[in-house]
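The values are calculated or read from the model by the stated rules, or taken from the named source; none is laboratory data. Every value quoted in this text rests on a predicted model; they were computed, and no experiment measured them. Neighbour counts run over all protein chains shown; Cβ positions are idealised from the backbone, glycine included. What goes into the accessible areas is simple: the full protein's heavy atoms, side chains included, and nothing from ligands, DNA or RNA. Shrake-Rupley method; radii C 1.70, N 1.55, O 1.52, S 1.80 Å.
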Amino acid sequence: MSGWTLKRFWTRATAEPAEGGFAVLLDGRRVKTPAKAPLIVPTQALAEAIAAEWDAQTGEVRPDTMPLTRTANSAIDKLSVQQAEVVDLLAEYGGTDLLCYRAEAPQALAARQAAGWNPLLDWAATALSAPLAVGGGIIPVPQPAASLAALRSQVAALSTFRLAAFHDLVAIPGSLVLALALINRRVTAEEAWSLCRIDEDWQAELWGTDEEAAETAALRQAAFFDAHRFYELCR
């Protein structure tokens, strides 16, 4: 949706059943994606939430305030033809998962990481049959091939629309295990965000908060929560 200069021309945005799911309409006319495909989403809840984004627009349409619409467009225009590539991309995070790389010092930080991350790795080992090795520092940690295959199967099982949201749930924190725990409701979105920020929060406690870094983190957090909301609306 980049490059839009569209101004609001409609009175009311609504959702209605359509072949293959639910459509979003502007004064009775169905919305299309940037590639001119029908914007059809899998659930009524998601269609209604997207319609609310359109209804919230005043004057010039601002795509940056329409994260659900953007993700739906991405699912339809991009992931529908690149799903296998996206699955492979996200599955690769299992080999370099954030939760597997621990601080060697100070001990208090290492302990905080272990307390937050070990339960999720234990869950992945038992519930997903995907035990992962843990290492110190940034030296690559080889992971069992069977575990990586098990994690990939979890990603490959996602529908196109869920995968569109799942992409950000993995890429923003840098953890496939954390994202899988989130969509399986082992943690809340707020808990997941705190867990992926353990290192950054530790540094902020020691040295104070950098204003620019805080602004960037806030944007990433908003994107993470938007992706989670989209995923939940697809259920």
Förster radius 30 Å - calculated FRET efficiency between R30 and A222 (Cβ-Cβ, nearest 0.05): 0.60
Cα-centred dipole magnitude for segment 26-71, charges only on beta-carbon of K, R (+1) and D, E (-1), debye, nearest 20: 280
When the convex hull of the C-alpha atoms of segment 174-235 is computed, what volume per residue in Å³ does it have? 76
Could you work out how much longer the chain between D55 and A204 gets when fully extended? Use 0.36 nm per residue separation minus the Cα distance between them, nm to one decimal. 49.7 nm
Above 20 angstrom, tally the Cα pairs of segment 94-205 and express them as a % of all pairs, no decimals. 38
Ranked from the most accessible area to the least, with a 1.4 Å probe and all protein chains present, what is the order of R30, R102, R162? R30, R162, R102
What is the dipole size for the chain, taken about its Cα centre, with +1 at each Lys and Arg Cβ and -1 at each Asp and Glu Cβ, in debye to the nearest 20? 880
On each of the three principal axes the extent of the alpha-carbon atoms of segment 46-121, given in whole Å and largest first, is 54, 31, 20
Amide H within-cut-off set for A15, under 5 Å, with H built and near neighbours excluded: L25
Take the alpha-carbon centre of segment 173-235, take the same for segment 37-100, and report the distance between them in whole Å. 18
Whole-Hz couplings from phi, Karplus 6.51/-1.76/1.60, listed for segment 223-234; x for Gly and Pro: 5, 5, 5, 4, 5, 5, 4, 4, 4, 5, 5, 7
Send over a whole-number figure in Å² for the accessible area per residue of segment 119-177, probe 1.4 Å. 42
Asserting the computed 222 nm helical MRE of the chain (DSSP H runs at least 4 long, -39500 (n - 2.57) per run, divided by residue count, to nearest 500) equals -17000 deg cm²/dmol
When the dipole is taken about the Cα centre of segment 37-101, and only Lys, Arg (+1) and Asp, Glu (-1) are charged at their Cβ, what size is it in debye, to the nearest 20? 80
Among the lysines, which have Cα under 19 Å from the Cα of K78 when same-chain residues fewer than 8 positions away are ignored? K32, K36
Of Q83, L195, W10, farthest towards positive along the dipole that unit charges on Lys, Arg, Asp, Glu beta carbons give the chain: W10
Of all DSSP beta bridges having both residues in the chain, the percent classed as antiparallel (nearest 5) is 85
What is the distance, in nm, between label points placed 7 Å from the Cα along the Cα-to-Cβ direction at A146 and at A115? 3.4
